[in-house]
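Working notes, beginning with the structure itself.
What follows draws every value from the coordinates through simple rules; no lab data is involved. If you're wondering where the values come from, they're calculated on a predicted model, not measured in any experiment. Backbone-built Cβ (ideal geometry, glycine too); neighbour counts: all protein chains shown.
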Amino acid sequence: MKKLFLVLLAVGMIGLPLFAGGGKQSAQKSGGPVFGYITQSLEFDWCKSSADAFQYACAQKGVRPIIMDPQNNLEKAMSQFEDLINQKVDGISIYTLTPELDKQMADRARQAGIPVVFENGLPSADTDYIACVACQYDDIGYAAMEYVSKKYPGAKIFYVQGAPGMGVLEEYMIGVEKGLKAFTNISMVEKQPTDWGAEQALNVTQNVIQSGKQFDVIFANNEQMATGVVVALKDAGLMGKVKVIATGGSPQGLEAIQKGELDATMSAPVCIQGVTTFKNLWMAVNGQTPKKFTPLPILPIDKSNLGDAMLWTSYDKAFAYIGGIN
């Protein structure tokens, strides 16, 4: 589903943030501190929800956010980062894009004397960073294989992957491969990369179906991709015959579980990620030392425990979960 109106309503209620596509803006300091925030692409529900949670936290502490959306373009991301540096913002939160770009941004920020923190993936080992909050993607991949093993013994899995190169998919694969070794009653018969979006997930699923490859479970790397998978299964008359497992726990994903279009998801409340990356940056800017790495909790969700999921729009609950911000 595309019901992002709840997210937009929440943003509207906490004030009007500064959104940017790369153009120059004035980071006026008279109204309080200014934090820059670079995401991957606000087209992705995961990124959008984390950005919204970051803005919620900003509103709680009187910080003015400048949200940069490079739309999954690395060159544009670096240009927007330089824009924030030139505006002399007080701190920057960076959505991990590639190890090389992470290091380049961290080095540039250090030269400029501006604290930076990361979210959504660990920077490379040679990157000098203050703090990071992210899913432990290997644990999510393992949890997905464990769930399939328990619920669908004997399953033949088609893995509809995200995009390689960011480090996220690579971490997923570590956990997936570990799970396949541990749970020998399941097997992977196919895997195909995408760009994390629904359209490519639809295309690769259609291609594998047409190839005649036999599978009875699809593991999709996020719920947005799962919507494309579902369309492909419906078109092929396989809906209900092939189980669909995803990751996230988004409003879209939870509704899909309720409707029976998604069988389960490995839930990780991204709202916690957004408020935590703000907290890390707030602490760094105010001379405190945040925890080097904070993992998001993981909870497998299906119809049997749907009520246990934390909604991605539960910013107040996420804020309470991290113990608030002093």
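Values as computed for the structure displayed
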item	result
Per residue, the convex hull volume that the Cα atoms of segment 74-176 enclose (Å³)	98
SER187-LEU238 pseudo-label distance in nm [points 7 Å out on the Cα-to-Cβ vector]	1.7
Set of lysines with alpha-carbon distance to LYS48 below 23 Å, sequence-local pairs under 8 removed	LYS2, LYS3, LYS24, LYS61, LYS76, LYS279, LYS317
Dipole magnitude (debye, nearest 20) for segment 137-267, charges at Cβ of Lys, Arg, Asp, Glu	500
Over segment 137-267, relative contact order from alpha-carbon pairs under 8 Å, at least 6 apart, %	25
Relative contact order for the chain, counting Cα pairs under 8 Å that sit 6 or more residues apart, in percent	18
Helix 45-61 vs. the chain, principal-axis angle (Cα, 0 to 90°, nearest 10)	30
Label selected from [x] 35, 20, 18; [y] 30, 23, 19; [z] 41, 37, 18, the criterion being semi-axes √(5λ) of the Cα gyration tensor in Å as computed here	[x]
Lys, Arg +1 and Asp, Glu -1 on Cβ, resulting dipole of the chain about Cα centre, debye, nearest 20	500
Three-way shape call for segment 204-326 based on the alpha-carbon gyration tensor, with the a/c threshold at 1.5	prolate
Acute angle (nearest 10 degrees) that the helix 223-235 long axis makes with the longest principal axis of the chain, alpha-carbon atoms	30
Three-way shape label, segment 137-267, alpha-carbon gyration tensor, a/c 1.5	rounded
Simple label model, 7 Å out from Cα along Cβ direction - GLN71 to GLN258, nm	3.3
Relative packing of 234-244, 309-319, which averages over residues the other C-beta atoms within 10 Å, highest first	309-319, 234-244
Which of PRO295, THR39, ALA198, positive extreme of dipole for the chain (C-beta unit charges)	PRO295
